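Note sheet for the following structure.
The values are calculated or read from the model by the stated rules, or taken from the named source; none is laboratory data. Remember, it's a predicted structure, so these values are computed and weren't measured experimentally. Counting neighbours? That spans all protein chains shown, and the Cβs are built from the backbone with ideal geometry, glycine included.
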Amino acid sequence: MAKIDAAVLPAGYSTQPGHDGVYAQFHADGQLAEVAVHREGRRAAGTWALCVEARQETARAEYTVEMTFPPPPSPSGLIAAAGPRTLEEFVRARLAQIDSQSKSAGPYCSFCAQGLHKVTFLIGGPGVSICGACVQLCREILRENKPRRRWWWPFS
Ligand SMILES: [Zn+2]
């Protein structure tokens, strides 16, 4: 495999994990290992990371989704009320998603984690998918709250 080294990286990247911005890690032989957008010492939510294997001729992209409990407050608080109310509920819901994903081969909704066998349809994007029910929920949010609110977190 041809070596992919620092020459491919954008200006201003850093190899320091605490750096805010593009963070790059290398394998011992100088091969690029990982590139990610970091904020406050970790991968920034809503960004892509690229991981290049050391010996295998493969790479993968990982999209960072941060799911925190309690969820960040939405401007209205209306939607967050539908989410889990305790940490235990949050953990159980996430475990159910992981279990569901482990059993469903193939694509699943990035928002509600239902597999293809459980949804009406899936629309695929670059590394993400959305199901019919989630599209409908988004349509309702847009229809009812069009001009004012910018941040929604209905799946916490
Ligand atoms: Zn969905």
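Here are the numbers:
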| item | result |
| --- | --- |
| Extreme residue, modelled with the highest pLDDT, among residues of the range 110-156 that are under 20 Å from R60 (Cβ atoms) and within 10 Å of the ligand (Cβ to nearest atom) | S129 |
| Qualifying residue in the range 109-122 (condition: assigned to a helix (DSSP H, G or I) and loosely packed, with under 14 Cβ neighbours inside 10 Å) | yes |
| Every residue from the range 3-29 that is surrounded by 11 or more Cβ atoms within 10 Å (Cβ to Cβ) and touching a Lys or Arg at 6+ places or on another chain (Cβ under 8 Å) | D20 |
| Residues that are part of a loop (DSSP other than H, G, I, E, B), surrounded by 13 or more Cβ atoms within 10 Å (Cβ to Cβ) and at pLDDT 90 or above, drawn from the range 32-46 | A44 |
| The range 17-27, residues that are out of contact with any Ser or Thr (no Cβ under 8 Å at 6 or more places or on another chain) and at pLDDT 90 or above | D20, H27 |
| Unmet requirement for A96, which otherwise passes all of (1) among the aliphatic types (A, V, I, L, M); (2) surrounded by fewer than 18 Cβ atoms within 10 Å (Cβ to Cβ); (3) over 19 Å from E66 (Cα atoms) | (3) |
